[in-house]
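> My structure is below; once you've seen it, I'll send some questions.
Please treat every number below as a calculation from the coordinates, not as lab data. All figures in this text were calculated on a predicted structure; none of them were measured in a lab. Note that each Cβ is placed from the backbone with ideal geometry, even for glycine, and that neighbours are counted across all protein chains shown.
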Amino acid sequence: MLSIQTILTYGVIILAIILVISGIVGIVNYIRKNAGHVTFAGVMKSFFKGIGWPFIWMIEFVGLAITFL
């Protein structure tokens, strides 16, 4: 039987990986859309836009983790 702490630890790691992947997807979409004029600020903005929803889910999950611990 897995302990709650183990499940939460792996859950946070998986969520962090999902955040990074969604941010990279945001950057790739931005670069594809603006092939001619890519700015660093635009890349950063698209990274955080890509993170948007998964980030909210991660906050939810961490809140649940704290509740259970």
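> Using 0.36 nm times the number of residues separating Ile21 and Ile56, minus their current alpha carbon distance, what extension gain do you get? Intermediate values should be presented prior to the final figure.
Working: separation 35, 0.36 × 35 = 12.60 nm, distance 1.50 nm.
Roughly 11.1 nm would be gained on extension.
> If contacts are Cα pairs under 8 angstrom and at least 6 residues apart, what is the relative contact order of the chain in percent?
Working: 44 pairs, mean separation 29.0, N = 69.
Reported as a whole number, the value is 42 percent.
> For every helix of n ≥ 4 consecutive DSSP H residues, a contribution of -39,500 (n - 2.57) applies; sum these over the chain, divide by its total residues, and give [θ] at 222 nm rounded to the nearest 500 deg cm²/dmol. If you can, show how the numbers build up before the last one.
Working: 2 runs with 59 residues, N = 69.
Calculated at 222 nm, the ellipticity per residue is -31000 deg cm²/dmol.
> Still on this structure: Which value in Å is the Kirkwood Rh of the chain over different Cα pairs?
Values: mean 1/r = 0.0750 Å⁻¹.
One decimal place: 13.3 Å for the Kirkwood radius.
> Taking 7 Å along the Cα-to-C-beta vector as the label spot, tell me the Ile4-Leu64 distance in nanometres, rounded to one decimal.
Result for the modelled spin labels: 1.3 nm.
> Right, something else. Residue-wise, which Karplus ³J(HN,Hα) couplings in Hz belong to the stretch 58-65, taking 6.51 cos²θ - 1.76 cosθ + 1.60, θ = phi - 60°, and x for glycine or proline?
Values per residue, Gly and Pro as x: 5, 4, 3, 5, 5, x, 4, 4 Hz.
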